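The values are calculated or read from the model by the stated rules, or taken from the named source; none is laboratory data. Computed from a predicted structure; not experimentally measured. Cβ atoms come from the backbone with ideal geometry, glycine included; neighbour counts cover every protein chain shown. Remember, those area values only see protein heavy atoms, side chains included, never the ligands or the DNA or RNA. Shrake-Rupley method; radii C 1.70, N 1.55, O 1.52, S 1.80 Å.
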Amino acid sequence: MGLAIAGELDKPHGWTWEEFRALPSEKITRDIHCVTRWSKLDTVWRGVSVDTLPEEIEKAAEFVTQYSDGGYTTNLPLEDVTGGKAWVVFAYGGQPLEPGHGGPERMLVPHHYLWKNAKWVRGLRLQSTDQPGFWETNGYHNYGDPWHEERYAGD
């Protein structure tokens, strides 16, 4: 297990699980929102800010695709996962993240619906073009902002 990140022209940079866990982590308290119309307030996570990961990756990208076990992908503009807005988390409520909730590591991008927070994340790819992921190509909104109720394509 571990995590890899790459730009379009870069060789992927990866971390083993031990290397990833040795990166600086922080406690994050945020609300989360599901496309099925529920929210959970003040959830507490621990993880590594995405801002600490791409230091060795080219910065010309405008988008990021999250890659997970089972071939799942989801996409976002790069500006939505940088600037203190997203984390690769490994703990929830003070406990290791359970597999059913995306453990050992998942994305936390709390200002988007949860389908934009990939479970079992294994890699991030920085890209110059947007590539919609699994749910986005199957009728979900490409951006997924809960405050604008962007659930489905056309919302």
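For the stretch 87-120, a residue qualifies if it is touching a His at 6+ places or on another chain (Cβ under 8 Å) and either under 18 Å from residue 70 (Cβ atoms) or in a helix (DSSP H, G or I) (or both), and the qualifying residues are 114, 119. Would a scan of the stretch 17-27 turn up a residue that is of a type in the set (A, V, I, L, M), surrounded by 13 or more Cβ atoms within 10 Å (Cβ to Cβ) and farther than 15 Å from residue 104 by Cβ? No, the stretch 17-27 has no match at all.
Could you tell me whether the stretch 77-84 includes any residue that is in contact with a helix residue (DSSP H, G or I) (Cβ under 6 Å, 6 or more places away or on another chain), open to solvent by 30 Å² or more (accessible area, probe 1.4 Å) and modelled with pLDDT under 95? Yes, because at least one residue in the stretch 77-84 is in contact with a helix residue (DSSP H, G or I) (Cβ under 6 Å, 6 or more places away or on another chain), open to solvent by 30 Å² or more (accessible area, probe 1.4 Å) and modelled with pLDDT under 95. Does residue 152 satisfy the condition of being among the hydroxyl-bearing types (Ser, Thr, Tyr), modelled with pLDDT of 95 or more and open to solvent by 40 Å² or more (accessible area, probe 1.4 Å)? It is false that residue 152 is among the hydroxyl-bearing types (Ser, Thr, Tyr), modelled with pLDDT of 95 or more and open to solvent by 40 Å² or more (accessible area, probe 1.4 Å).
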